[in-house]
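Worksheet: the structure to be examined is printed underneath.
The values are calculated or read from the model by the stated rules, or taken from the named source; none is laboratory data. This is a predicted model, so every value here is computed, not measured. Glycine gets a Cβ as well: all are built from the backbone with ideal geometry, and neighbour counts include every protein chain shown.
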Amino acid sequence: MTKSPLTLYLAAPRGFCAGVDRAIKIVEMAIEKWGAPVYVRHEIVHNKFVVDGLRDLGAIFVEELEECPDDRPVIFSAHGVPKAVPAAAAKREMVYVDATCPLVSKVHIEAQRHAENGLQMIMIGHEGHPETVGTMGQLPDGEVLLVETVADVATVQVRDPDHLAFVTQTTLSVDDTIDIVAALNARFPKIVGPHKEDICYATTNRQEAVKAIAPKCDAILVVGAPNSSNSKRLVEVGARAGCAYAQLVQRATDIDWRALDGIASIGITAGASAPEVLINEVIDAFRARYDVTVELVETAQENVEFKVPRVLREPA
């Protein structure tokens, strides 16, 4: 049977970012240094394939520090944790390694600095997301107020409109955040913003790449996890940039082939916590059904690398 031709636009950058790469290395090196099991508070990154692979090596994933024994190392996920968590680990004299992405840590430091200057914080983020919980947990209750939408800005109750600052979750939609920041500036003209954009370079680059391929594509698939904020934003960006069908898939077995019937072009990208092996799996699934021509659409090059904590580079 003759295969139908299909142009596959492969977005670049896509997949792993430096913060995710570092977090995974931290777990692998911790197991190598201290042996299994090593405990990890929350999924190290939001990807089932990655988490399952680390579990096979000897990582045990838990939601709270209370689930960890005192005598085994514990690692805090790339999304960051409230200040109370490492304090509790230190009190129990536990060995712990913080795998918080350095770009998230930068937001934590910003929040702390603004608080020291007497400013109440507003955080633009998603309620309940681990990164939002971690950032808000850097300061006492009530010192960080959460807004998720432009509508939230109109109703947020602040202590003093002249003494405010804002930070953002690093994995938001760049376009949505611009509108929320504009609303904050309109309502609170003296609000202080970050010196440099909080949304991380990887989130921005992946969204720009999707905007570049969307007009060319009949459909876009984003390889990523349903609990991955940056992956879900890529789906939204693709739809908003003009692609009629944009969907999130964890791996090739999740592809809805009936929905793709009759397409002549497909865009493929991946969230920052999705490994290349899953992207290749999706491409191979299309090659099995279509006569595929791959076109790389590269909008930026990334050469960022973050060092792992010193405790893991020192001999046991």
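Quick look at the values:
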item: Meets criteria (surrounded by fewer than 17 Cβ atoms within 10 Å (Cβ to Cβ) and either closer than 18 Å to Gly193 by Cβ or basic (Lys, Arg) (or both)) for Val150; result: yes
item: Hits in segment 228-254 - residues which are buried (at least 20 other Cβ atoms within 10 Å of the Cβ), closer than 20 Å to Tyr290 by Cα and among the β-branched types (Val, Ile, Thr); result: Val249
item: Residue list for segment 215-224, restricted to those being surrounded by 24 or more Cβ atoms within 10 Å (Cβ to Cβ) and either within 14 Å of Pro13 (Cα to Cα) or touching a helix residue (DSSP H, G or I) at 6+ places or on another chain (Cβ under 6 Å) (or both); result: Ile220, Val222, Val223, Gly224
item: Residue match in segment 62-72 (condition: at pLDDT 95 or above, part of a strand (DSSP E or B) and either closer than 16 Å to Thr168 by Cα or out of contact with any Ser or Thr (no Cβ under 7 Å at 6 or more places or on another chain) (or both)); result: yes
item: Verdict on Val50 being crowded, with 22+ Cβ neighbours inside 10 Å and modelled with pLDDT of 95 or more; result: yes
item: Options Glu93, Glu28, Glu110, Glu43; residue that is part of a loop (DSSP other than H, G, I, E, B) and at negative phi; result: Glu43
item: Residue check, Val95 more than 18 Å from Thr135 (Cβ to Cβ), of a type in the set (Val, Ile, Thr) and touching a residue at least 12 places away in the same chain (Cβ under 8 Å); result: yes
item: Residues of segment 53-62 classified as surrounded by 16 or more Cβ atoms within 10 Å (Cβ to Cβ) and in contact (Cβ under 8 Å) with a residue 24 or more places away in the chain, total; result: 3
item: Residues of segment 280-316 that turn out to be assigned to a loop (DSSP other than H, G, I, E, B) and either among the β-branched types (Val, Ile, Thr) or touching a strand residue (DSSP E or B) at 6+ places or on another chain (Cβ under 6 Å) (or both), as a count; result: 4
item: Pairs where the first residue, in segment 1-18, is within 29 Å of Ala225 (Cα to Cα) and in the same structural domain as Gly267 (by TED's automatic domain parsing) and the second is at pLDDT below 95 and in a strand (DSSP E or B), C-beta under 6 Å, 6+ apart; result: none
